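The values are calculated or read from the model by the stated rules, or taken from the named source; none is laboratory data. If you're wondering where the values come from, they're calculated on a predicted model, not measured in any experiment. Every residue, glycine as well, gets a Cβ built from its backbone with ideal geometry; the counts of neighbours run over all protein chains shown. Note: accessible area is taken over every heavy atom of the protein model, side chains too, but ligands, DNA and RNA are not part of it. Shrake-Rupley method; radii C 1.70, N 1.55, O 1.52, S 1.80 Å.
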Amino acid sequence: MFEPKIIGFCCNWCAYAGADLAGINRNQYPPNIRMIRVMCSGTIEPLYVVKAFKEGADGVFIGGCHPGDCHYQSGNYKTQRRIVLLKRAISEIGLDPRRIRLEWVSAAEGQRFARIITEFTEEIRKLGPNPLKLSGVENGI
Amino acid sequence: MNRIGVFICHCGLNIAGTVDVKKVAKLVSDYSEVVYATDYMYMCSDPGQDMIKEMVKEKKLDGVVVAACSPTMHETTFRNTIASVGLNPYRGEIANIREQCSWVHQNTKEIATEKAVKIIEAIIEKLKLDKPLVPLSVPVTKRALVIGGGIAGIQASLDIADSGYEVILVEKNQSIGGHMLQLSETFPTLDCPQCIATPKMVQVGQHPKIKLLAFSEVEEVSGYVGNFKVKIRRKASFVDWDKCTGCGFCMEKCPAKVPSEFNEFLSKRKAIYTLFPQAVPNKPVIDSNNCLYFTKGKCRVCEKNCSLKAINFEQKDSFVEENVGAIIVATGYDLMNKAEVGEYGYGKYKDVIDGLQLERLLAPAGPTEGIPYRPSDGKIPKEVVFIQCVGSRDPEHYYPYCSKICCMYTVKQAMIYKHAVPDGQAYVFYMDIRCNGKGYEEFLQRGIEEDRILYLRGRVSKIFKDGDKIRVWGADTLTGRKIEISADLVVLAMAMVPSKGAKKLAEKLRLTTDDYGFLTEAHPKLRPVESLTAGYFLAGAAQAPKDIPETVAQASGAASKVDSLFSKDELYHEPIIANVDEEVCVGCGICEVLCPYEAIEIDEQDKVAKINPALCEGCGTCCAACPSGALELEGFRRKQILSMIKVFAEV
């Protein structure tokens, strides 16, 4: 079976803490995701997402604080706007925009985090491998 | 080349039960630039930490990865460990292989082991590029600004001043005291507020460390924790307070009569007036909207009667600037505008009043000297109806929150009313009775048993005038009966809302508020007196509805936070902040607009972004937006993240 590779970016204050809580609760989820901690979802550059796909990731997960709860006041709103554009951009180069998933996860939503990651992993599994990887683009750009 | 050591924790079986730690240690020891890797039962224990210290020395490590629990647990612990043997603490990183690996992949042990290796490798890549960082130090101006001179501001000012630090207390009215001074008596002990609060006011007025700026408002605040610059508007009082002795002769002679705000419009004051006789400072101001000289061009009676020549009709607003290190916001509350509630006849019927108005009627120093003559015809009311939760706990129409003090002050008012009018009857329509403070429930029981206050559980449906009576229709939901009372006076327990102007002030101070304008605390449970913006502290009802004991406790809490801030000569700021490569920056200014802390400014001369490191909170929003890649967040630099991505995307 195809085992997707998913790279996750989580903000330090909400989503990363939510992911930690999933651990504390022992909420199990598929091991396909590998997490990078950032201070705020607003610091996630579009370049990071593009780089992840270029390097062969099959999906990218981004977790931030719920609207209004951003530790830095408004970083998550900026992320939201960037991700909308980025989804449009990646579909131009032949990637399904569903390969990027932005979710607001609070530090209290461990169970929900596990559920989202499970769903997302299944969704990426259905979408199949990153087509750029198959076409060898990762060596090209 | 780095010399990296990797220390893998078993955490008992928490990690080792799922992840094959021995295998992980062996695999990562072959990773590039790793000179030592080992595993241990409990890394955070003393022997565990000692092992790290010894290895740092023995193997001459210049960076350490601890693969263990979440960085929120022990990042500080291990950074302190390596700092104790001379390594820069920011050359220590945590690989989270417990919360985000062993605990969530318990059924796939082999895959969890592989994942743990990947997590550690990615963190090693990050560590390779970690620069040694030094926390930034900024000097602290050991003076505090307190905004609002109610009981919260008074208490906070006195506490800070008694600790030996200077305080500037800004009050918008001409006297401090706030709403507490309007009250008749205070629950649950029935002390008179004049007796307990005026001594504190006098202390404020006389304290050598407190600079009281009454009749003033904060105009502008710039700077950051430890180093604020505040511009304060001193409103024109038209009286030279330096000359005035507060003799009061001017007020006596003033011919203008204006409804008194302090007495909640139940009596008249003059156009030149103090709020109340015990005012601090006890100096009058001229209300230029109602002064005959200002409105009609003639009079100046006060001027003629002032032998000290203190009246100055030419006075203008002036400004003072103060440097402070911390700011306490204690702007208090107002009652909800009664005109908003149409259904209870407020405004239509003179004898429908609010809680603060009744306080004035019951106050011995009030307009009726404590005998509650009703406003319409001055009769003593024999049947008084109190209606609870007017505007509060009403999400459909007004405010969803509980105003917290009304249950208690209604008991108190009904009690004091009964003491003044022993043959009268008090009725209270309530939704629930919330008496959850020390001595509160006993106080309620006393009201019901001794003063025979009649509690009716239900809402009032209609109030209308019937001769000189006010008919109140309501329901008693406990007996299921309709209730009709022919009342002489109706008292509405209006919702508490943030004081007028508090919202605007919050915007000036860049403080966040909730949907209703109450200031937001940094954490609802663990940091209730701090604001999210460093250097700002909250006290009293500006943060949420509160009674006096709670307000005073919070004010003292805020003051002690300020004291502890001032106990240091310098403040240390996390060095995880944005950095500009001035060679690359083109000065486009996108970052300047995005920064939520106003920490970035474009230098007009050099055409580059300049970051104020003391203001930067390290969110990194600017870095993500920088089109030329000139901005980097220390500790999370672009190359670090990209190298982590590379490790994670590898097969």
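Tabulated data for the structure shown
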{"read-out": "Residue selected from the stretch B:484-503 under the condition more than 25 Å from B:Gly557 (Cα to Cα) and open to solvent by 30 Å² or more (accessible area, probe 1.4 Å), by the criterion farthest from the other protein chains (Cβ to nearest Cβ)", "value": "B:Ser486"}
{"read-out": "Scope the stretch B:632-651; condition part of a helix (DSSP H, G or I) and more than 8 Å from chain A (Cβ to nearest Cβ); matching residues", "value": "B:Lys639, B:Gln640, B:Ser643, B:Val647"}
{"read-out": "One residue from B:Cys585, B:Cys623 being away from chain A (no Cβ under 14 Å), in contact (Cβ under 8 Å) with a residue 40 or more places away in the chain and crowded, with 21+ Cβ neighbours inside 10 Å", "value": "B:Cys585"}
{"read-out": "Test: residue in the stretch B:196-203 that is part of a loop (DSSP other than H, G, I, E, B) and of a type in the set (A, V, I, L, M, F, W, C)", "value": "no"}
{"read-out": "Test: residue in the stretch B:458-477 that is part of a loop (DSSP other than H, G, I, E, B) and either within 19 Å of B:Thr189 (Cβ to Cβ) or open to solvent by less than 10 Å² (accessible area, probe 1.4 Å) (or both)", "value": "yes"}
{"read-out": "Subset of the stretch A:10-33 (residues that are among the charged types (D, E, K, R) and either more than 21 Å from A:Asn76 (Cα to Cα) or surrounded by fewer than 22 Cβ atoms within 10 Å (Cβ to Cβ) (or both))", "value": "A:Arg26"}
{"read-out": "Check on B:Ala310, over 27 Å from the mean Cα position of the chain (by Cα) and modelled with pLDDT of 95 or more", "value": "yes"}
{"read-out": "Per-region count, the stretch A:39-59, residues assigned to a loop (DSSP other than H, G, I, E, B) and in contact (Cβ under 8 Å) with a residue 12 or more places away in the chain", "value": "7"}
{"read-out": "Single unsatisfied condition, A:Ile7 versus (1) facing chain B (nearest Cβ under 7 Å); (2) open to solvent by 20 Å² or more (accessible area, probe 1.4 Å)", "value": "(2)"}
{"read-out": "Contacts under 6 angstrom Cβ, first residue in the stretch B:26-40 being more than 18 Å from B:Ser643 (Cα to Cα), partner outside any helix (DSSP H, G or I), 6 or more apart", "value": "B:Ser29/B:Ala37; B:Val35/B:Arg3; B:Val35/B:Lys59; B:Tyr36/B:Gly5; B:Tyr36/B:Lys59; B:Ala37/B:Val6; B:Asp39/B:Ile8"}
{"read-out": "Search result, residues across the stretch B:547-580 that are acidic (Asp, Glu) and surrounded by 14 or more Cβ atoms within 10 Å (Cβ to Cβ)", "value": "B:Asp547, B:Glu550, B:Asp563, B:Glu574"}
{"read-out": "Residue that is closer than 25 Å to B:Gln106 by Cβ, hydrophobic (A, V, I, L, M, F, W, C), part of a helix (DSSP H, G or I) and in contact with a strand residue (DSSP E or B) (Cβ under 7 Å, 6 or more places away or on another chain), where the choices are A:Ile117, A:Ile83, A:Ile36", "value": "A:Ile117"}
{"read-out": "Filter pass, B:Lys412 being open to solvent by 50 Å² or more (accessible area, probe 1.4 Å) and within 25 Å of B:Glu550 (Cα to Cα)", "value": "no"}
{"read-out": "Residue satisfying condition, being in a helix (DSSP H, G or I) and farther than 30 Å from B:Gly332 by Cβ, within set B:Cys591, B:Cys619", "value": "B:Cys591"}
{"read-out": "All positions within the stretch B:249-264 that are surrounded by fewer than 15 Cβ atoms within 10 Å (Cβ to Cβ) and in a loop (DSSP other than H, G, I, E, B)", "value": "B:Pro255, B:Lys257, B:Glu261"}
{"read-out": "Flag for A:Ile62 being closer than 17 Å to A:Ala114 by Cα, open to solvent by less than 10 Å² (accessible area, probe 1.4 Å), part of a strand (DSSP E or B) and within 9 Å of chain B (Cβ to nearest Cβ)", "value": "no"}
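Here's the yes/no breakdown for (1) among the aromatic types (Phe, Trp, Tyr); (2) open to solvent by less than 60 Å² (accessible area, probe 1.4 Å); (3) under 19 Å from B:Thr477 (Cβ atoms); (4) assigned by TED's automatic domain parsing to the domain that holds B:Asp547:
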site: B:Val421; (1), (2), (3), (4): no, yes, no, no
site: B:Val428; (1), (2), (3), (4): no, yes, yes, no
site: B:Met431; (1), (2), (3), (4): no, yes, yes, no
site: B:Arg434; (1), (2), (3), (4): no, no, yes, no
site: B:Gly439; (1), (2), (3), (4): no, yes, no, no
site: B:Gln445; (1), (2), (3), (4): no, no, no, no
site: B:Ile448; (1), (2), (3), (4): no, yes, yes, no
site: B:Leu454; (1), (2), (3), (4): no, no, yes, no
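Here is a yes/no grid of residues against (1) open to solvent by 10 Å² or more (accessible area, probe 1.4 Å); (2) in a loop (DSSP other than H, G, I, E, B):
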site	(1), (2)
B:Met55	yes, no
B:Val65	no, no
B:Ala95	no, no
B:Glu99	no, no
B:Lys131	yes, yes
B:Ala144	no, no
B:Ala161	no, no
